[in-house]
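Colleague: Have a look at this one.
The values are calculated or read from the model by the stated rules, or taken from the named source; none is laboratory data. Remember, predicted model here, so these are calculated numbers, not experimental data. So basically every Cβ, Gly included, is an ideal-geometry build from the backbone, and we count neighbours across all protein chains shown. Side chains included, ligands, DNA and RNA excluded: accessible areas come from the protein's heavy atoms. Shrake-Rupley method; radii C 1.70, N 1.55, O 1.52, S 1.80 Å.
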Amino acid sequence: MSSVVFLRAVNVGGTNLCRPAVLAKQLGKFDVVNIGAVGTFVVRENVSESALRAAIAKKLPFKCEIMICPAKAIVDLTRKDPFARQPSGPDITRFMSVLHKRPVKKPPLPLNLPSDNDWLLKIIAIQNQFVLGLYRRQMKAIGYLGKIEKILGVPVTTRSWNTIEKVAAVLTGDL
């Protein structure tokens, strides 16, 4: 079964530098596609999670969390259109955070930070190892994204929903 790989904290603030296109080439035997969002890859070859994780870790010159999910889970999620009833516009970004494992604790949803009336970040769903939400395009919102990890008690990495849709398009052959 094909997989999707998300690397956490890669090329952030000049640390954990990685060249994703080079890494994808180095992992060529697994038919890896670099999505373009740093640290996001589609792995088309059928390979066990443990073998894939070991191969990636061996190629990286630093330690980082490696989140691996079944490709089918991503495709199924995008087909459901989880943001259909949510606000949209140029000042709102839809996102998906990928958890290293299922959350230790789940808050009541929707979770609006800092408050229900004046939210900068809104978590609308938690499905398996995925957190779906929205944030306003304001500097303060970035700080709230960082709180997802603390709220759920597990490491997370976040991508825009546009990136997730691109992953799904690669998986379904639409790209």
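Colleague: How many residues are of a type in the set (Gly, Ala, Ser), modelled with pLDDT of 95 or more and open to solvent by 50 Å² or more (accessible area, probe 1.4 Å) if we restrict to region 1-47?
Modeller: Number of matching residues: 0.
Colleague: Is there a residue in region 68-76 that is surrounded by fewer than 11 Cβ atoms within 10 Å (Cβ to Cβ), in contact (Cβ under 8 Å) with a residue 24 or more places away in the chain and farther than 18 Å from His100 by Cα?
Modeller: no
Colleague: Looking only at region 139-175, count how many residues are in a loop (DSSP other than H, G, I, E, B) and free of Cβ contacts under 8 Å to residues at least 24 places away in the same chain.
Modeller: Total satisfying the criteria: 3.
Colleague: Go through the residues of region 14-31 one by one and say whether even a single one is within 15 Å of Asn162 (Cα to Cα), of a type in the set (Lys, Arg) and part of a helix (DSSP H, G or I).
Modeller: no
Colleague: Show the residue pairs that are 6+ apart or on different chains and have beta-carbon atoms under 7 Å apart, the first residue being within region 37-63 and over 27 Å from Asn162 (Cα atoms), the second being assigned to a loop (DSSP other than H, G, I, E, B).
Modeller: The qualifying pairs are Ala55/Leu27; Lys59/Leu27; Phe62/Asn16.
Colleague: Next up: Of all residues in region 91-116 being in contact with a strand residue (DSSP E or B) (Cβ under 9 Å, 6 or more places away or on another chain) and of a type in the set (Val, Ile, Thr), which is nearest to Ile68 (Cα to Cα)?
Modeller: Val98
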